[in-house]
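Q: Before anything else, here's the structure in question.
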Amino acid sequence: MKVNKNLIARIWKEADLKPHRLERYMASNDPQFEEKAAAIIGVYLNPPQNAAVFCVDEKSAIQALDRLDRRLPLSPGRAEKHGFEYYRHGTLSLYAALNPQTGEVLGQTAPRHTSQEFVAFLEEVVGTQPVDREVHVILDNFATHKTELVKSFLAQHPTVQLHFTPTYSSWLNQVESWFSKLQRDVIDRGIFTSVADLKRKILRYIRLYQKAAKPFQWKYSDVRKRIPAW
């Protein structure tokens, strides 16, 4: 028996089924996932008194793509179009620190993604706070965050404490939400004539973002009973 394709489409629509769509996920294999997640959420919800909290990460290898054909703007019934061909001028990395209590972002670009660049950015972040203030930094488990250079930095800054997300769980770091916004607002549709142009547009975006910055409405359930009090 044949079934009309329009009937199938109507049934799918009524049931809100979209079998053509595919979403991927990465499950954490960290045996201490709940404990580590609860500790980080505890820093979000109950930070130590008078302490500063920053969500820090890097967005590496951002490409400065220059479209060879002009962009066609959207119009009724037609999506915006980019030419297929492009010229790749180079890449840069962006280090960012999000204050989860205010939503403000500190940003610094770098030509490379190294431990030296990471520590230099940590120095800048910590330098925004009074010398005796505790600074809590939330990070993922990337190798450049755990080098001897980082350990030396921590020895020189005893008021700084690092909190690492569980394995494959960098989404617990709120700066990832901001990186997603940057990707949508600037990079996906961007046309960059050089690496310098890419840097200028990213830093301009950060300056404009600061004017209306606000905390993310972010939540994670099932760990409320295990959130530590400082």
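The values are calculated or read from the model by the stated rules, or taken from the named source; none is laboratory data. The structure presented is a predicted model; accordingly, all values stated were derived computationally and were not measured. We place every Cβ from the backbone using ideal geometry, glycine too, and count neighbours over all the protein chains shown.
Q: Has region 31-46 got at least one residue that is within 30 Å of R88 (Cα to Cα), modelled with pLDDT of 90 or more and not acidic (D, E)?
A: No, the conditions are met nowhere in region 31-46.
Q: May I ask you to list the residues in region 147-167 that are in contact with a helix residue (DSSP H, G or I) (Cβ under 9 Å, 6 or more places away or on another chain) and part of a loop (DSSP other than H, G, I, E, B)?
A: T147, H157, T159, T165, P166, T167
Q: Another one. Within region 98-146, which residues are assigned to a strand (DSSP E or B) and closer than 20 Å to W171 by Cα?
A: L98, V105, L106, G107, H136, V137, I138, L139
Q: Criterion first (modelled with pLDDT of 95 or more, out of contact with any Cys (no Cβ under 9 Å at 6 or more places or on another chain) and either at positive phi or surrounded by fewer than 16 Cβ atoms within 10 Å (Cβ to Cβ) (or both)) does L203 satisfy it?
A: Yes.
Q: Can you tell me which residue among T91, T109 is over 16 Å from the mean Cα position of the chain (by Cα), modelled with pLDDT of 85 or more, closer than 30 Å to S194 by Cβ and of a type in the set (V, I, T)? Break it down stepwise before answering.
A: Details: T109 fails: over 16 Å from the mean Cα position of the chain (by Cα).
Result: T91 is the single residue among T91, T109 that is over 16 Å from the mean Cα position of the chain (by Cα), modelled with pLDDT of 85 or more, closer than 30 Å to S194 by Cβ and of a type in the set (V, I, T).
Q: Another one. Report yes if some residue within region 35-48 is touching a residue at least 24 places away in the same chain (Cβ under 8 Å) and over 27 Å from Y168 (Cβ atoms); otherwise report no.
A: yes
Q: Among the numbered conditions (1) under 19 Å from L182 (Cβ atoms); (2) modelled with pLDDT of 95 or more, tell me where S152 comes up short.
A: Single failed check for S152: (1).
Q: If a residue has to be part of a strand (DSSP E or B), touching a residue at least 40 places away in the same chain (Cβ under 8 Å), touching a Leu at 6+ places or on another chain (Cβ under 7 Å) and farther than 23 Å from P47 by Cα to count, how many in region 79-97 make the cut?
A: Residues meeting the conditions: 1.
Q: Please go through region 168-192 and pick out each residue that is basic (K, R) and part of a helix (DSSP H, G or I).
A: Of everything in region 168-192, those that are basic (K, R) and part of a helix (DSSP H, G or I) turn out to be K181, R184.
Q: Among the numbered criteria (1) at pLDDT 90 or above; (2) surrounded by 10 or more Cβ atoms within 10 Å (Cβ to Cβ), which one does A15 miss?
A: Result: A15 passes all but (2).
Q: Ok, one more. Any idea which of I187, I138 is farther than 17 Å from C55 by Cα, surrounded by 19 or more Cβ atoms within 10 Å (Cβ to Cβ) and within 16 Å of the chain's Cα centre (by Cα)?
A: Sole residue among the options that is farther than 17 Å from C55 by Cα, surrounded by 19 or more Cβ atoms within 10 Å (Cβ to Cβ) and within 16 Å of the chain's Cα centre (by Cα): I187.
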